[in-house]
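The values are calculated or read from the model by the stated rules, or taken from the named source; none is laboratory data. Given the structure is predicted, the values throughout are model-derived calculations rather than measurements. Here the Cβ positions follow ideal geometry from the backbone for every residue, glycine too, while neighbour counts run over all protein chains shown. Just the protein is used for accessible areas: all its heavy atoms, side chains included, with ligands, DNA and RNA removed. Shrake-Rupley method; radii C 1.70, N 1.55, O 1.52, S 1.80 Å.
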There are 2 protein chains.
Amino acid sequence: MKSGPDIALVASLVGDPARANMLTALMNGRALTASELAQEAGITPQTASSHLAKLEAGGLVEPEKQGRHRYYRLTDDDVASVLEGLAGLAARTGHMRVRTGPKDPALRRARICYDHLAGDLGVQMLDSLRERHLVRQKKQDIELTAEGERFLAKHLQISPGMLTHPRRPVCKACLDWSERRHHLAGTLGAAMMQRFAELKWAARDATPGSRVVNFTRTGEKQFAALFGDGKH
Amino acid sequence: MKSGPDIALVASLVGDPARANMLTALMNGRALTASELAQEAGITPQTASSHLAKLEAGGLVEPEKQGRHRYYRLTDDDVASVLEGLAGLAARTGHMRVRTGPKDPALRRARICYDHLAGDLGVQMLDSLRERHLVRQKKQDIELTAEGERFLAKHLQISPGMLTHPRRPVCKACLDWSERRHHLAGTLGAAMMQRFAELKWAARDATPGSRVVNFTRTGEKQFAALFGDGKH
DNA sequence: ACAATGCTTCGGCTACCATCGAAGCATGAA
DNA sequence: TTCATGCTTCGATGGTAGCCGAAGCATTGT
């Protein structure tokens, strides 16, 4: 009676069609809510809940609570790699998977989330801050580094004193609705968005109720200069 | 109704405990017979047959017929890599697999298979020949290259004329019983073994019925000089 | 030719697990 | 507070797939 290898357990988690659909839906690195994953897999929420509990127990996905929602993402790149490998094996025996991309126009580009910047540019901004060690992120907690403070003072005239608030944290990771990755919230996120408006880099769309944020031509340039990812 | 990704299909193949046991048993690159795999998985041969058919249809294993037996091996390194990845994911959630190594003493090292060399050294020899492009191997068919002929003439005084036979091929891949990888059979394999004996590099064990081949001290050195894998 | 071995196919049984309806919590909004 | 939304737990059902016994080919050896 040799000790069973749990390779079978992990594989069987991926082996169910519903769970496999969920996992492939998460492959782009973004997080999805439980009910969205249910719809993605074509099953009811209660069934999805059961599946997600198993995936979590198996260490394939990690939940993140945000209000009433429960966002799920792949735990790390290792999981994604294995899924990629499985997809590769599956591909050469015949089948290929076609994924649908995002369809929305400008709302995904930049919009207001409460009082801070969200959308593609918002995510890009936090990515840039993190990559250049201007902030440190551990899960949902973000803290400003010393270099970060200098950077804000120099380029955006934001001083630490402006950011203190009795109940609200300076930095907070907020899950982006369209990108499904984190952008920057908290008093700093709000202050930066306000500064962008004051500098005439961007403004909320005029149409009432719209959350779209329109960047000016020069604003876009300045933003890219500060937070560009080098690909542009 | 989106086209189903067959990632689930492949994963479900690995997801069954019996099949997972078979696959992990094949992870060392050696080939095993259907009944051996059945025993490895703790199931009856007819059940194993069903599993192996599925694994073959899924492109995870490849069969090779040899006499009454049917040897199975992993199709390629990609499959092994994915299995490795799955094992890695499984490992960090708790479980680890311990594999038993080979137990036999000298029979695995070197022995006679009909009239040619088998065992660790036999496999090592064919590996060396293939790696140095002295032979070309495609599945079970092996052919001697021009460099190979020169090599044989120079180091072992074997000329192509000695190898012709009305019914028997010059080269043939023979599945090694202990190593479960190919070694060299055919008239060339026999001629080389015969030459090793003539050169007093090796001799069949004296005990009657034994298939063990004993290498002399100098013989081992000479053999390693010609076919060593560089690791010694 | 006959027997033995290795593997496969067939048929029926059983057990597991995905699935959904209904009800129960939790969070946020009015 | 009360209502609505999102998610989970519970219980029951049904389909599927693993499993083995028996029989059928294929190959090898005598």
Unique residue being at pLDDT 85 or above and out of contact with any strand residue (DSSP E or B) (no Cβ under 6 Å at 6 or more places or on another chain) when the list is A:F196, A:F151:
A:F151
Collect the residues in segment A:109-147 that are of a type outside the set (S, T, Y), closer than 23 Å to A:Y72 by Cα and loosely packed, with under 14 Cβ neighbours inside 10 Å, keeping them in residue-number order.
A:K138, A:K139, A:D141
Across segment A:48-74, which residue is farthest from DNA strand C (Cβ to nearest atom) among those that are modelled with pLDDT of 90 or more and hydroxyl-bearing (S, T, Y)?
A:Y72
Selection from segment A:150-160 of residues part of a helix (DSSP H, G or I), farther than 11 Å from A:L188 by Cα and open to solvent by 50 Å² or more (accessible area, probe 1.4 Å) yields A:R150, A:A153, A:K154, A:H155
Can you find a residue that is within 8 Å of DNA strand D (Cβ to nearest atom), facing another protein chain (nearest Cβ under 9 Å) and either open to solvent by 50 Å² or more (accessible area, probe 1.4 Å) or on the phi < 0 side of the Ramachandran plot (or both) anywhere in segment B:42-51?
yes
If only one of A:A38, A:A18 is small (G, A, S) and either within 12 Å of chain B (Cβ to nearest Cβ) or assigned to a strand (DSSP E or B) (or both), which one is it?
A:A18
Does B:A11 fit the bill of being at pLDDT 90 or above, touching a Phe, Trp or Tyr at 6+ places or on another chain (Cβ under 8 Å) and within 16 Å of DNA strand D (Cβ to nearest atom)?
no
Could you check segment B:52-97 and list, in sequence order, the residues that are at positive phi and more than 19 Å from the chain's Cα centre (by Cα)?
B:G59, B:G94
Which one is nearest to A:G85 (Cα to Cα) among residues in segment B:14-27 that are near DNA strand D (Cβ under 9 Å from one of its atoms) and surrounded by fewer than 21 Cβ atoms within 10 Å (Cβ to Cβ)?
B:D16
Open to solvent by 70 Å² or more (accessible area, probe 1.4 Å) and closer than 23 Å to B:H182 by Cα, is that true of B:R92?
no
Of all residues in segment B:21-35 being closer than 22 Å to A:L13 by Cα and not in a loop (DSSP other than H, G, I, E, B), which is nearest to the chain's Cα centre (by Cα)?
B:A25
When (1) in a helix (DSSP H, G or I); (2) open to solvent by less than 50 Å² (accessible area, probe 1.4 Å) are applied to A:E64, the one that fails is (1)
Residues of segment B:28-41 satisfying the condition of being more than 9 Å from DNA strand C (Cβ to nearest atom) and open to solvent by less than 60 Å² (accessible area, probe 1.4 Å):
B:G29, B:R30, B:A31, B:E40, B:A41
(1) among the aliphatic types (A, V, I, L, M); (2) open to solvent by less than 40 Å² (accessible area, probe 1.4 Å); (3) at the interface with chain A (Cβ under 10 Å from one of its Cβ atoms): which one isn't true of B:L74, the others all being true?
(3)
